[in-house]
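Okay, so here's the structure we're looking at.
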Amino acid sequence: MPPRRSRPRRWAAKLPHRPARVGHVLAGLVVIGLGGCATVPATPQRLNAAPISAPSEAPPRPAGRTQFSYSGSMTQGGLVIGIAPAHTRGLLFDTAIVPVAADGRFLIAFDRDAPPVAILAATLDDGRVIRDTLTVSPRAWDISRLTTLPKIPLPQPEFDRLRPAELAQIAAARRIVTDAQGWRQAFVWPTTGRISTLFGSQRIYRNGEAGSYHSGLDVAKPTGSEIVAPADGVVILAADHPFTLEGNLLMIDHGNGLNSAFLHLSEIGVRVGDHVRRGQRVALSGATGRATGPHLHWSLRWREAKIDPLLVTGPMRNVM
């Protein structure tokens, strides 16, 4: 079945809240797409705007803390918000630099295939280094073995012609740095319904050929169902035409390297640079792109780590 290429309609005028658009640029390099990866010689952008206010519940940084503290899921596909020791001036997560907010909070996450151990190292103002070894628990992924079926190839050569530009656009969006503070919030479900495909699931085809694992979570919804922002953020991509795989694609940055992507939409109601609030309507579900039926594919990523939305939001409530 060829991908559906219907252009997304815009209904932004119906939205109750339309924050100011923003713009301005700064630095960076590597690129990973939603359906693959590519390297492009572009620089990261920084969206500067009136800052989204941090949630009022964030307490001040404890003055005398001598160790790390954490909340979240230390498991493959998990996300953790931590508090660094007092007087931390630099923080490393393995070899990667992690920013520490004024109240001591920081964000880290573990990819679907993360190794069993990670190291945090905080350098204090007096030069001392406090290290913590994190144990990352493994997950039992849903693996389907379809030993009688061949892996279905992607359509060629049209796909080869269109895909590089799509990946470059996704990669450029991921390099945008915003002032969003949604990463501090409790996330809500962008829509509720039957979960049709779990994060991390994978199919093994005839001759042991593995398909790509599912990098998000699918919720079956009729076309036209409301999709809301799961947390405060800034729109970093709002496709003006359907991509070959993702269809009508919307991406929201939640700050600190954390972003959401919403795939297969029928309509997108926001534009790049818009500030959105948790629970604000941003799109309608659909079946555009490579989809067998109407649903929302929601993926979460921190830097290059793909995260399980179910671990971030918790179970859906009151779903029939």
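The values are calculated or read from the model by the stated rules, or taken from the named source; none is laboratory data. Fair warning: this is a prediction, and the values are worked out from it, not measured in the lab. With ideal geometry, Cβ positions are generated from the backbone for all residues, glycine too; neighbour counts draw on all protein chains shown. Side chains are part of the model used for accessible areas, which takes the heavy atoms of the whole protein and leaves out ligands, DNA and RNA. Shrake-Rupley method; radii C 1.70, N 1.55, O 1.52, S 1.80 Å.
Observations on the structure shown:
- Surrounding net charge for I307, when Lys and Arg each add one and Asp and Glu each subtract one, Cβ distance under 13 Å: +1
- Distance between the pseudo-spin-label points of Y213 and T147 (7 Å out from Cα toward the beta carbon): 2.3 nm.
- Approximate spin-label separation I130-D103, in nm, with each point projected 7 Å along Cα-to-Cβ: 1.8 nm
- Per-residue packing, averaged as other Cβ atoms within 10 Å, sorts the ranges 75-82, 125-132 into the order 75-82, 125-132, beginning with the highest.
- Square roots of five times the Cα gyration tensor eigenvalues for the stretch 55-150, Å: 33, 15, 10
- Heavy-atom surface of the stretch 95-220, accessible at 1.4 Å and reported per residue (Å²): 52 Å²
- Spin-label model distance (nm) - A140 vs A86, 7 Å beyond Cα toward Cβ: 4.5 nm
- In a fully extended conformation the segment linking A186 and H241 would gain 16.6 nm over its present Cα-Cα distance, using 0.36 nm per residue.
- Low-density loop cleavage sites - trypsin sites (Lys or Arg not before Pro) in the stretch 221-320, where at most 11 other Cβ are within 10 Å (DSSP): R317
- Restricting the stretch 80-159 to chymotrypsin sites (Phe, Trp or Tyr not before Pro) that sit in a DSSP loop and have at most 16 other Cβ atoms within 10 Å of their own Cβ leaves W141.
- When the GluC sites (Glu not before Pro) in the stretch 198-275 are filtered for DSSP coil states and for at most 16 other beta-carbon atoms within 10 Å of their beta-carbon, the remaining sites are E209.
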